[in-house]
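Note sheet for the following structure.
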Amino acid sequence: MTITFILDALITVIGITTPILLAATGELIVEKSGVINLGVEGMMLVGAIAGFAVTFETGNPWLGILIAMVSGAVAASIFGVMVLSLGANQVATGLALTIFGIGLSSLIGSNYVGIAIDPLDSPFPDTLALDTFWRIVFGHSPFVYFAVFLVLATGFFLNKTRAGLVLRAVGENDFSAHSIGYPVIRIRYLAIAFGGAAAGIAGADFSLVISPLWAEQMTAGRGWIALALVVFAGWRAGRLLAGSYFFGVLMALELYAKASGFAILPSQFWAAMPYLIAVIVLALLSSRDGKGGKAPACLGKPFIPNG
Amino acid sequence: MTKFTRRDFVKTAAAASVLPLMGASANAAEPLKVAYIYIGPVGDYGWTWAHDKGRKELEAALGSAVKTSYVENVKEDASAIPVLRDLARQGNKLIFATSFGYMDQVLEVAKEFPDVKFEHCTGFKRADNVTTYNSRFHEGRAVTGTLAGKVSKSGVIGYLGSFKIPEVVMGVNAYTLAAQAINPKIETKLVMIDSWFDPAKETSATETLANLGCDVIATHTDSPAPLQFCQKKGIFGFGQGADMSKFAPKAQLSAIEDIWGPHYIARAKAMIDGSWKSEDFWDGIKEGSVKISPYNASVPKDAQDAANKVFEGYRAGTYDVFTGPIYDQAGTLRVKAGEKLGLGDLATIDWYVKGVQSA
């Protein structure tokens, strides 16, 4: 096994991880504000079809990404109206959003089945990514760099900025935040829209880069993995970054183990293994420092002022 | 045509189940109701897309004499049972179940509805009202394997599979044996992704095979995503179920096209004239059920000739890729020189030929 081979494998890992990391980062902000949105899968699909359709119609992938982001945020805002303004149950509404996203994307997408577009390439000139080593640094789609930037920025925002502190306060104790004058509902709206925008971009990663086509339900359950990762990461940005890549390594390991013939265990075991190991590792991590599993105190609870 | 998703289906099924059963009193003027259950979305542009194309051909051919509907994204677990049961209750007289994993569920529901005819695709268990039908895709795999043997420079070719079921195993074997007939040293690396449809995982698995040295990669999953990756990477692959050349104009050497329409039309006609009986259909190149898409312009002439020879051999009935001697992975002689693996053996095959590297 050569270095080049390991680096090539690392490129696979980065490809697998990026959309999950993007969606999970968005959901982290949502949950930190005290709202749980189970509609990630649906918002990703809306972003995937919006990004694909706009890119195909206009030939401009950047416009496609922008519209994917906006569509995800709009879909999320529908959820926001339901749970924040109308006080609907968050879990049920989030599930409904997933179903809605699957249906809507399939409906719009029926006109785009069987169409191909060119994949979105690295934003850097080809001359920077000639060999495998430099491809690791410069050879990725813009989504890869953006995902890492976004999760680091999110970590900084949550822990080092005043606005982040307010967001966390809203998630930990909405009544206290409200009583000292913070607009709880408005902050949650913004957090939900951010989560939707990130999920929309994650969806566009699927339909513009990973497999540049539209296929119904092409995200194939990645939204649920993103949701799980937020919990496993103990609602921390740094651990979310590490956890997502760890998960990506496990998923790639499954494929490499099978293809190179050293997987002696049944194929189904390999498919389940990333989930199994992720659960075990994160359970160990959270039991060690006792802080790993701490959810925002108001997570999932509706906020009704003066109620 | 009525489009159902599974969720619509649950709602309408609840309503429909309280209606009286219409089937027994149906008169001749009423159209024959035909239903399909699909493993993936009709928009997969692969396996399910090809079945749905067959369904549309049936509607076009028989017009008002038939009324078809389908339920897509039906899982291959116990949840297929209520879907099948409700389709039968809604007065469908002919139900096609188009994936291997529906086998036992079809048999179970068929027992409850003796006057409804079921047809299960790619399975091997039948009953008085259950027919099985399949295509000899492996004949197409032998043609594409021949191309792979000619085109591969590394001598290592890839196969992206879904599950270890006979249909996939015989595909891997046919592809490998045909490639070895061209270049005896050919090795096939195999990845099963435990899914029929997951474009992202299909892409990563193809990337994995490419990184392990495969320069021609066949797919046995349902989306064009692997071919798109091959295109980007500058290696080659084959369309699966449909001509996917527009997704990868350079990378697609050829494609295996599944042609289901004629079977669906023939079986619906048999229902209408009362001649339907339980049978086992296994058609291939000869009958027109398996087609090979036009070769890519980049395929060298001698490779085209070699592939054509295999294709014509199947059409004339003079060639069979499963002609011995065939050794398994451990080197044990499984088929003696001059003997052939019969269709019965193929239908339950669970071992790979020598040269396949699998987990």
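Details
- Of all residues in region B:312-359, those satisfying the criterion of being of a type in the set (Phe, Trp, Tyr) and either within 14 Å of chain A (Cβ to nearest Cβ) or touching a Gly at 6+ places or on another chain (Cβ under 6 Å) (or both) are B:Tyr319, B:Tyr352.
- With respect to the stated conditions, B:Thr48 is within 11 Å of another protein chain (Cβ to nearest Cβ) and touching a helix residue (DSSP H, G or I) at 6+ places or on another chain (Cβ under 6 Å).
- Checking each residue in region A:235-262 for being within 14 Å of chain B (Cβ to nearest Cβ) and part of a loop (DSSP other than H, G, I, E, B) picks out A:Ser260, A:Gly261, A:Phe262.
- All conditions in (1) without any contact (Cβ under 8 Å) to a residue 12 or more places away in the chain; (2) surrounded by 15 or more Cβ atoms within 10 Å (Cβ to Cβ) hold for A:Ile102, with the sole exception of (1).
- Looking only at region B:212-234, and only at residues there that are more than 10 Å from every other protein chain (Cβ to nearest Cβ) and buried (at least 24 other Cβ atoms within 10 Å of the Cβ), the one that is farthest from B:Phe197 (Cα to Cα): B:Val216
- Per the listing A:Val137, A:Val74, A:Val151, the residue uniquely modelled with pLDDT under 90 and either of a type in the set (Val, Ile, Thr) or part of a helix (DSSP H, G or I) (or both) is A:Val137.
- Tallying residues that are of a type in the set (S, T, N, Q) and assigned to a strand (DSSP E or B) within region B:287-342 yields 1.
- Restricting region A:215-246 to residues that are of a type outside the set (S, T, N, Q) and on the phi > 0 side of the Ramachandran plot, the residue that is farthest from the chain's Cα centre (by Cα): A:Gly234
- Residue satisfying condition, being more than 27 Å from A:Leu104 (Cα to Cα), crowded, with 19+ Cβ neighbours inside 10 Å and in contact with a Leu (Cβ under 9 Å, 6 or more places away or on another chain), within set B:Ala110, B:Ala35: B:Ala110
- Considering (1) assigned to a helix (DSSP H, G or I); (2) within 14 Å of another protein chain (Cβ to nearest Cβ), the lone condition that A:Leu120 does not fulfil carries the number (1).
- Residues that are β-branched (Val, Ile, Thr), closer than 17 Å to A:Gly221 by Cα and either touching a residue at least 60 places away in the same chain (Cβ under 8 Å) or touching a Gly at 6+ places or on another chain (Cβ under 8 Å) (or both) are absent from region A:59-81 altogether.
- Per this entry, A:Gly114 is not counted among residues that are more than 14 Å from chain B (Cβ to nearest Cβ) and not hydrophobic (A, V, I, L, M, F, W, C).
- Under the condition of being under 22 Å from B:Pro166 (Cβ atoms) and touching a residue at least 40 places away in the same chain (Cβ under 8 Å), the residues counted in region B:90-129 number 13.
- Filter result for B:Gly239 (away from every other protein chain (no Cβ under 11 Å), among the small types (Gly, Ala, Ser) and either crowded, with 24+ Cβ neighbours inside 10 Å or not in a strand (DSSP E or B) (or both)): yes
- Check on A:Phe100, of a type in the set (Phe, Trp, Tyr) and closer than 24 Å to A:Asp118 by Cβ: no
- Cβ pairs under 7 Å, 6+ apart, first in region A:254-272 and crowded, with 19+ Cβ neighbours inside 10 Å, second modelled with pLDDT under 70 and in a loop (DSSP other than H, G, I, E, B): A:Ala257/A:Ala263; A:Ala257/B:Ala359; A:Lys258/B:Ala359; A:Ala263/B:Ala359; A:Ser267/B:Ala359; A:Trp270/A:Ala263
- Among residues of region B:60-102, those that are in contact with a strand residue (DSSP E or B) (Cβ under 7 Å, 6 or more places away or on another chain), farther than 13 Å from B:Ile37 by Cβ and assigned to a loop (DSSP other than H, G, I, E, B), counted: 2
- B:Lys164 being in contact (Cβ under 8 Å) with a residue 60 or more places away in the chain, under 17 Å from A:Leu255 (Cα atoms) and either assigned to a loop (DSSP other than H, G, I, E, B) or not aromatic (Phe, Trp, Tyr) (or both): yes
Matching residues to (1) within 27 Å of A:Ile3 (Cα to Cα); (2) among the polar types (S, T, N, Q); (3) under 24 Å from the mean Cα position of the chain (by Cα):
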position: A:Gly101; (1), (2), (3): no, no, yes
position: A:Gly109; (1), (2), (3): no, no, yes
position: A:Ala116; (1), (2), (3): no, no, no
position: A:Phe133; (1), (2), (3): yes, no, no
position: A:Val137; (1), (2), (3): yes, no, yes
position: A:His140; (1), (2), (3): yes, no, yes
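- Complete set of residues in region A:185-219 that are buried (at least 24 other Cβ atoms within 10 Å of the Cβ), more than 14 Å from chain B (Cβ to nearest Cβ) and more than 16 Å from A:Thr154 (Cα to Cα): A:Gly200
- Pairing each residue of region A:1-18 that is more than 7 Å from chain B (Cβ to nearest Cβ) with any residue that is exposed (fewer than 15 other Cβ atoms within 10 Å of the Cβ), provided the two are 6+ apart or on different chains, yields C-beta distances under 8 Å for A:Leu7/A:Phe133.
- When residues of region B:267-281 are limited to those that are under 24 Å from B:Glu167 (Cα atoms) and crowded, with 16+ Cβ neighbours inside 10 Å, the one modelled with the highest pLDDT: B:Arg267
- Filtering region A:19-71 to residues that are acidic (Asp, Glu) and either outside any helix (DSSP H, G or I) or under 17 Å from the mean Cα position of the chain (by Cα) (or both) leaves A:Glu27, A:Glu31, A:Glu41.
- Flag for B:Glu207 being within 30 Å of A:Ile20 (Cβ to Cβ), in a helix (DSSP H, G or I) and either away from chain A (no Cβ under 14 Å) or without any contact (Cβ under 8 Å) to a residue 60 or more places away in the chain (or both): yes
The values are calculated or read from the model by the stated rules, or taken from the named source; none is laboratory data. It should be emphasised that the depicted structure is a prediction, and the values quoted were computed from it without experimental measurement. Cβ coordinates were reconstructed from backbone atoms using ideal geometry, including for glycine residues, and neighbour counts include every protein chain displayed.
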